[in-house]
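The values are calculated or read from the model by the stated rules, or taken from the named source; none is laboratory data. Everything numeric here is computed off the predicted structure, so don't read it as measured data. Reconstructed Cβ throughout: ideal geometry from the backbone, glycine too, with neighbour counts over all protein chains shown. Ligands, DNA and RNA are excluded from the accessible area calculation, which covers all protein heavy atoms including side chains. Shrake-Rupley method; radii C 1.70, N 1.55, O 1.52, S 1.80 Å.
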Amino acid sequence: MSAIYNASRRDFLKTSALAGGGLVIGFTLPGAARLAQAAAMFKPNAYLRIASDGHVTVICGLSEMGQGVHTAIPMLIAEELDADWSKISVKQAPADPAFNNPIFGMQATGGSTSVRGHWEPMRKAGAAARAMLVAAAADKWKADQADCRTERGMVVHKSGKKLSYGQLADAAARQAVPKEIKLKSAKEFRILGTPAKRLDTPVKVNGAANFGLDVHLPGMLTALMARPPVPGGKLVSVDDSKAKAISGVKQVVQIPGGVAVLAEGFWAAKQGRDALEIKWDDGANAALSSEGVSKMLAEGAAKGGALARNEGDAAAPASKRLEAVYEAPYLAHACMEPMNATVWVKPDEIEVWAGTQSQGPSQGILGKVGGVAPGKVKVNTMYLGGGFGRRFAPDFTVDATLLSKISGKPVKLVYTREDDMKAYFYRPASVTRFVGGLDAGGNALSFSASVASPSIMEASGFMKLPANGVDDMAVEGIRDCPYDFPNLRVEYARVEPGVQVWFWRSVGHSQNLFFIESFVDEMAATAGKDPYEFRRALLVKQPRYKGVLELAAQKAGWGQPLPAGVHRGIAVAQSFGSYVAEVAEVSVGKDGKVKVHRVVGAVDCGMTVNPEIVRRQVESAIVYGLSAALYGKITFKDGRVEQSNFHDYPVLRIDEMPDVEVHIVASGEPPGGMGEPGLPPIAPAVTNAIFAATGKRVRKLPIDPEELKQA
């Protein structure tokens, strides 16, 4: 039986007494599908627990993948609660529609939405709890609430009397939920805006943190799969006799995704998988090649497509006109913990243990796979060993569910690094053709861009291209170009080479900001102007862009002397509601090898929850973005992915890490996201510095040292 409730304006906050004493504040996030109408039937969407010993527990419905959400969300509540931070802990919430992300309308983590979406709801929950605690104290003292205040987990009367939140928890649970909730002003913040210590650090240091690969259940089988080596390939036949002869192998199962070997442990499953003799039909992509993909995309960009933005006349006459074509490859996510999921399909329910970014969609998808209602799918969200969008995909949980259903046992499906690298969930390859025009004085007159790439919206399975035919993610970062070009045109051509594409950290911004910030640099060079000043003049109407650009340039010493052979490049971007500018200091050796010595970043992310987490996210994004700019590419030959592990898909090594400075703009604007915005500016900042150093323009990633070698 299911029930549907319509949210009223008074349903935002719910209370119920905790068995054993204490206070629970539940609250409904905007967009949630179900509300906590009765404690006996529903758990609150998200809630705050205050125990009789004064300990405060925040239940977080978002996935912790290193971005710090298990600290940021408790900070939002603790601030308005006036809690003692030393008595705060966090627990992972169950999967339930009640925990829907307000921005997504489903329980999922991504798009740098966690703080943006929960900034107000979580604070209101804390403020309501604080008001109820004050009311309880005032009742005990027979005092006026106006004569009471709160501080560090205590209610304090003007006479000096004090009661702890623990002492008041039971009485507070009997108070009415306040109809009007007043939030603190920024000047009253005591916790928000401070570098509070992360709550998940101790368990990650002492080994107590549980990731997906840590799951072990009685009677569990471990599964590895052989998948088609070519995208879209099909199984023709399999000889599993050698696999079944290996000690520990229990079963060989064919499912739509490929052939799985189920065994008593990982090594037996791997040996069994490797012993399979399989014939595949490679299908339509048998001849797929990176050269062919590049050609298809270039042709799409040349032809143009659906109109994404059009202002003025981009074909207007110009004294100087320049044209350039930029390209970015497919990229793997390369999470440090490869994909895995443990699933137990029981007679009337399914239980899942996985590091997932999409608990809500998983309930619906796996319910269909296992033949149960979504509410009968229990998702235990583990810590994620990196997400970057990859763990939003359902492939690993779907296959694990099928294998458990068929075998009748709990099954842990594990991807090896090679499996993970070749799994076809990639950032789209993309090509963009630019045309720019300058007047006789070197001022920007026109700008046009034709973007060609596959559609993530269509590939996602839960979005569709809008009526205008423009994939929003394919053109983001270019369509919203902030520069004051009098004439501007952006088009999108959907090109589908046949490879599954997916969300990748910062999504379309990751390649498009490399494209546009590099081309704007080209326009500055053609105009004979300083690239920083050229941008600055075009951002007069964009104060937040201009602010971070100026701060980054100032802190980097733009225009000041550098050591011999070192040169600067600059780039600025907005993504997910935050503004970031970065200056890279780079040298290029005679062998063409690029060394990034220093990166100075300036960030305007609105009001900050935890500045230390902001800095770490920018540093993390720079590492991730530099890895892609210097090395990252997934290539195809004869339909097959050529990369398999970190020896041929390198990531930045510790001796390659530049010195990084991050400067945060003080702002009263609403919070923006921070998990992704530090990434888009790094590639163009580096390649623009390479141009300053060598006079050679990098228009294709990753950077190729062969093209930068000195004669």
Of the listed residues (ASP96, ASP139, ASP144), the one being on the phi < 0 side of the Ramachandran plot and under 25 Å from the mean Cα position of the chain (by Cα) is ASP96
Scan VAL507, VAL572, VAL499 and give me the residue that is outside any loop (DSSP other than H, G, I, E, B), open to solvent by less than 50 Å² (accessible area, probe 1.4 Å), at pLDDT 95 or above and assigned by TED's automatic domain parsing to the domain that holds SER453. VAL572
If I ask for residues that are farther than 18 Å from GLY675 by Cα and either in contact with a Phe, Trp or Tyr (Cβ under 8 Å, 6 or more places away or on another chain) or at pLDDT below 95 (or both), which ones from segment 594-635 would you list? ALA629, TYR631, GLY632, LYS633, ILE634, THR635
So, in segment 37-47, how many residues would count as being crowded, with 23+ Cβ neighbours inside 10 Å and either modelled with pLDDT of 90 or more or in a loop (DSSP other than H, G, I, E, B) (or both)? 2
What about VAL377, is it in contact with a Gly (Cβ under 8 Å, 6 or more places away or on another chain) and touching a residue at least 12 places away in the same chain (Cβ under 8 Å)? yes
Enumeration of residues in segment 151-175 that are open to solvent by 20 Å² or more (accessible area, probe 1.4 Å), at pLDDT 95 or above and either of a type outside the set (D, E, K, R) or farther than 24 Å from THR57 by Cα (or both): MET154, HIS157, LYS158, SER159, GLY160, LYS161, LEU163, SER164
Over segment 666-682, the set of residues under 22 Å from the mean Cα position of the chain (by Cα), among the hydrophobic types (A, V, I, L, M, F, W, C) and open to solvent by 20 Å² or more (accessible area, probe 1.4 Å) is MET674
Any chance ALA108 is in a loop (DSSP other than H, G, I, E, B), among the aliphatic types (A, V, I, L, M) and out of contact with any Cys (no Cβ under 7 Å at 6 or more places or on another chain): yes
Of everything in segment 126-158 that's among the basic types (Lys, Arg) and free of Cβ contacts under 8 Å to residues at least 60 places away in the same chain, which residue is farthest from LEU168 (Cα to Cα)? LYS158
Residue tally, condition within 23 Å of LEU224 (Cα to Cα), assigned to a helix (DSSP H, G or I) and out of contact with any Ser or Thr (no Cβ under 8 Å at 6 or more places or on another chain), over segment 364-408: 14
Strands (runs of 3 or more DSSP E) wholly inside segment 178-264 containing at least 3 residues that are farther than 30 Å from ILE613 by Cα and open to solvent by less than 40 Å² (accessible area, probe 1.4 Å): 221-226, 249-255, 258-263
Inter-residue pairs, beta-carbon under 9 Å, first in the same structural domain as THR150 (by TED's automatic domain parsing) and among the hydroxyl-bearing types (Ser, Thr, Tyr) and in segment 85-106, second in a loop (DSSP other than H, G, I, E, B) and open to solvent by 50 Å² or more (accessible area, probe 1.4 Å), 6+ apart: SER86/ARG152; SER89/HIS55
Go through (1) more than 25 Å from TYR424 (Cα to Cα); (2) touching a residue at least 24 places away in the same chain (Cβ under 8 Å) one by one and return the number of the condition ALA666 breaks. (2)
Just give me the residues in segment 510-537 being open to solvent by 40 Å² or more (accessible area, probe 1.4 Å) and either assigned to a helix (DSSP H, G or I) or out of contact with any Gly (no Cβ under 9 Å at 6 or more places or on another chain) (or both), in sequence order. ALA525, THR526, GLU533, ARG536, ALA537
Considering only segment 337-351, I want to know if a residue exists there that is over 23 Å from MET65 (Cα atoms), of a type in the set (A, V, I, L, M, F, W, C) and outside any strand (DSSP E or B). no
Given the conditions (1) free of Cβ contacts under 8 Å to residues at least 40 places away in the same chain; (2) within 24 Å of the chain's Cα centre (by Cα), report the number of the one that ASP419 does not fulfil. (1)
Scope segment 411-423; condition out of contact with any Pro (no Cβ under 8 Å at 6 or more places or on another chain) and more than 16 Å from ALA268 (Cα to Cα); matching residues: GLU418, MET421, ALA423
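Conditions tested, residue by residue: (1) within 22 Å of the chain's Cα centre (by Cα); (2) open to solvent by 10 Å² or more (accessible area, probe 1.4 Å).
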site: VAL431; (1), (2): no, no
site: GLY441; (1), (2): no, yes
site: MET457; (1), (2): yes, yes
site: SER460; (1), (2): yes, yes
site: PRO466; (1), (2): no, yes
site: GLU476; (1), (2): yes, yes
Test result for ALA685, closer than 21 Å to GLU291 by Cβ, of a type in the set (Gly, Ala, Ser) and crowded, with 20+ Cβ neighbours inside 10 Å: no
Which of the residues spanning segment 353-395 are over 17 Å from GLU64 (Cα atoms), of a type in the set (Val, Ile, Thr) and open to solvent by less than 40 Å² (accessible area, probe 1.4 Å)? VAL369, VAL372, VAL377
Quick check, is ILE59 out of contact with any Ser or Thr (no Cβ under 8 Å at 6 or more places or on another chain) and either surrounded by fewer than 24 Cβ atoms within 10 Å (Cβ to Cβ) or modelled with pLDDT of 95 or more (or both)? yes
It is to be established whether one or more residues within segment 223-231 are of a type in the set (Gly, Ala, Ser), out of contact with any Pro (no Cβ under 6 Å at 6 or more places or on another chain) and under 30 Å from ASP395 (Cα atoms). yes
Any idea which residue in segment 64-116 is farthest from ILE50 (Cα to Cα), counting only those that are open to solvent by less than 10 Å² (accessible area, probe 1.4 Å) and of a type in the set (D, E, K, R)? GLU64
Could you look through segment 302-352, keep only residues that are among the acidic types (Asp, Glu) and within 26 Å of ASP648 (Cβ to Cβ), and pick out the one that is most open to solvent (accessible area, probe 1.4 Å)? GLU327
With (1) over 27 Å from the mean Cα position of the chain (by Cα); (2) outside the structural domain of PRO256 (by TED's automatic domain parsing) as the list, and TYR326 as the residue in question, which single condition is left unmet? (1)
List pairs: first in segment 233-251 and over 30 Å from VAL499 (Cβ atoms) and touching a residue at least 12 places away in the same chain (Cβ under 8 Å), second of a type in the set (A, V, I, L, M) and assigned to a loop (DSSP other than H, G, I, E, B), Cβ under 8 Å, 6+ apart or cross-chain? LYS242/LEU276
I'd like to verify a number: residues in segment 538-558 that are in a helix (DSSP H, G or I), in contact with a Lys or Arg (Cβ under 9 Å, 6 or more places away or on another chain) and small (Gly, Ala, Ser), how many? 2
